Structure formats: C-alpha cells, structure tokens
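Colleague: The structure that follows is given in the form of structure tokens.
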There are 2 protein chains.
Amino acid sequence: MNRFLSNATNRIDAKGRVSVPALFRSVLVQRGVQELYCLQDLVFPAISVGGPDLLERYERQIAAADPFSPEANRMSLLVHGGGVFMRLDAEGRLMVTDFIRDFTGIGTDVTFVGRSDHFQLWQPQAFHEAQAAAREGRLSMSRPQ
Amino acid sequence: MNRFLSNATNRIDAKGRVSVPALFRSVLVQRGVQELYCLQDLVFPAISVGGPDLLERYERQIAAADPFSPEANRMSLLVHGGGVFMRLDAEGRLMVTDFIRDFTGIGTDVTFVGRSDHFQLWQPQAFHEAQAAAREGRLSMSRPQ
DNA sequence: ATGCTTCCCATTGACGCCCATATGGTCCCA
DNA sequence: TGGGACCATATGGGCGTCAATGGGAAGCAT
C-alpha cells in the first residue's frame, strides 16, 4: 500500500502527543517523507498533513499569479503563514499544537483520515458527521474529490 | 527547512524587545542574512522583514512600473520612505519601534508570520482576522492539482 | 545627569530524546 | 484447534537541553 487509506483514532497523551497510525507511517517511509507539512483544509475543519510536495502544489498556485498582487499576497498568507512543518518523534508521534486544536476542535482524541496522497487530522465526532453527511449527498457545495 | 513557514506569537518585554522565533532565526543564518530590512506590507497592516534581497525585489517591481505612474510613486513612498534597517541582539531579539507599532497596532504581543522568502510582524488578532477573511474569500483560490 | 540602547547573565518552562509498559494481534506448535 | 510465546503498536513518563523571557549593569547621546 503506497497511499493513505482508511482512518484510525488515537488518544492524545498528557504531553499533547499522539501516535500516527503505523500504516500511515509506513507510507511516509515509502515516499521518503521526513518533514511533514501541515495545512488547514480549505473546506473542512481538518488539518491536512503531507510531504513537501503538498506545499509545493499550493506554491505553484501562488506562483501562477502576479507576485505583487493582493491575490498572491492573500494566498501566501494562508499557505505560508498558516502552514506548519512538523517532525515525528522516534516513536512516530506528533505534537498536537494549539494551532491544530483551535482549527479542528480536537480535544482528547484525533482521527487520522487517509486522503490518498496525504492524510488529515480530525476531531473524531466532526469526522463522523462529515462522513455521514457525505454519504447522504448533502455536500453539494463541497469541492470535488 | 530553508523557508519562512508557519506562525508564532511572542511577548514584548518591558524594554520593547521581542524574540524572533528560533526557526526563523535559523533560516536567516542559512541565508547569511545579518541586516534586516523592514517595510510596510502593501495590502495588510503588517511589517515585512527580510534580507537586502527583499528591498531589491520591491525596487525591481517599482522599476518595472511606469516611473511616473501613481502606483510607482506610491510604492516608492512606502519602500524607500517607510523602510528601516534593523539588527537582532545577541539573543535573537528585535526592538519593536513606534514605527512598527503605529502601522500594525501591535501592543503587548507580536505574531511572526512566515511568507516563504521573508516573514512579517502582525498584531495577533489582526492576523487571525486576516487569515479568516482570506479563507472565506477562497473562491478565487481553487484547490490545486 | 537622564533617558535609551547594548551587552551579559539568570530563570523557567516547553520540547526533544530516550526508555519502560501495556495491549492487542499473529504465528507456531502441541 | 486451542493455548501460549512472540511481536508490533500504542501509550506513559523521566530527564536534559534549548528557546523565550526577565532584569541588571555598562556604554552612548541628548
């Protein structure tokens, strides 16, 4: 398996750490990803996590615009100012910072959700609700897959 | 990491100093930047901070415009008239001058915001509001492939 | 001298690094 | 087929290091 698939929920410990599921870690290793880039999802209250390529995709978007335009400025504010680089510790855990908590509503547990070329961090209940909504086709305004 | 990414908020002490985040300082070292050039952002109430290359980039932009246009005139006024050189102290702190306070509204805390090739100083709440606004106005920022 | 800046050192609190334990699943063998 | 050994993952916590912060004291200019 070389893609991020399925989901799993892990507990945050007293120090604010949470284990990334082993399946996801093995995908990271396969892809040679060592530094993780985290970005707020544009639609859902979730944090997207991937390798540097994730950042580069967004940067190409910015580069396409006039670099001094208000539009490029606004995009950079989101992508560069809102993005965070993280590393896993020796046990494959990451810190759940306030940046992540505030945006996702995550409290004591984190749901890891595979998204093929990256994965996401969700507040467990928010994920279940979003999935239930998607199943009922109530996401007509969401972005296409 | 060789770019300015993510954001962090630090407190200004009684002497008006504030620590530049260690991550940003390490990027400055990597780039061999010793003198910091500060100027007002063209769109947001924020101060941009970078090496001499930052100034040069703005000057090229001015040069590219019609030298007698109101736009070039306005940019020159901001870049040349509003620019300041600064240095960090031994602990990696910088002085928050009235020039910075007046333009940004910064009071007791400063939010450092990465912008890839430079970083910015924001009043914390102004940053959160600007980011939220940028996310709302995402219509123009489609999901990259 | 007074106010402001620069250099230096102390404190403390957070984070990274390391090792220990628990838990659940799998495989092997009787 | 059932029991048990083994293993990988998830989780908990100790401890050292470093960043952020606070403040004293010496230089500089007004």
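The values are calculated or read from the model by the stated rules, or taken from the named source; none is laboratory data. It should be emphasised that the depicted structure is a prediction, and the values quoted were computed from it without experimental measurement. Cβ coordinates were reconstructed from backbone atoms using ideal geometry, including for glycine residues, and neighbour counts include every protein chain displayed. Side chains are part of the model used for accessible areas, which takes the heavy atoms of the whole protein and leaves out ligands, DNA and RNA. Shrake-Rupley method; radii C 1.70, N 1.55, O 1.52, S 1.80 Å.
Colleague: Going through the stretch B:54-69 one residue at a time, which ones are surrounded by 15 or more Cβ atoms within 10 Å (Cβ to Cβ) and hydrophobic (A, V, I, L, M, F, W, C)?
Modeller: Hits for the stretch B:54-69 are B:LEU54, B:LEU55, B:ILE62, B:ALA65.
Colleague: In the stretch A:82-109, which residues are at the interface with chain B (Cβ under 7 Å from one of its Cβ atoms) and within 16 Å of DNA strand D (Cβ to nearest atom)?
Modeller: Listed by number, the residues that qualify are A:VAL84, A:PHE85.
Colleague: Right, here's the next one. Scan the stretch B:64-77 and tell me whether some residue there is touching a residue at least 12 places away in the same chain (Cβ under 8 Å) and either within 16 Å of DNA strand C (Cβ to nearest atom) or within 15 Å of the chain's Cα centre (by Cα) (or both).
Modeller: Within the stretch B:64-77 (the criterion being touching a residue at least 12 places away in the same chain (Cβ under 8 Å) and either within 16 Å of DNA strand C (Cβ to nearest atom) or within 15 Å of the chain's Cα centre (by Cα) (or both)), the answer is no, since none of the residues qualifies.
Colleague: Looking at the stretch B:72-79, is at least one residue over 30 Å from A:HIS118 (Cβ atoms) and touching a Ser or Thr at 6+ places or on another chain (Cβ under 9 Å)?
Modeller: no
Colleague: Given the conditions (1) open to solvent by less than 50 Å² (accessible area, probe 1.4 Å); (2) within 30 Å of B:TYR58 (Cβ to Cβ); (3) touching a helix residue (DSSP H, G or I) at 6+ places or on another chain (Cβ under 9 Å), and given that A:THR111 satisfies all but one, which numbered condition is not satisfied?
Modeller: Single failed check for A:THR111: (2).
Colleague: Being in contact with a helix residue (DSSP H, G or I) (Cβ under 8 Å, 6 or more places away or on another chain), farther than 21 Å from B:ASP98 by Cα and more than 10 Å from chain A (Cβ to nearest Cβ) narrows it down to one of B:ASP53, B:ASP66, so name that one.
Modeller: B:ASP66
Colleague: So, one more: Restricting to the stretch A:1-53, give me the number of residues that are open to solvent by less than 40 Å² (accessible area, probe 1.4 Å) and either within 11 Å of DNA strand D (Cβ to nearest atom) or in a strand (DSSP E or B) (or both).
Modeller: 17
Colleague: So A:HIS118 passes all but one of these: (1) within 16 Å of DNA strand D (Cβ to nearest atom); (2) at pLDDT 95 or above; (3) not hydrophobic (A, V, I, L, M, F, W, C). Which condition number does it fail?
Modeller: (1)
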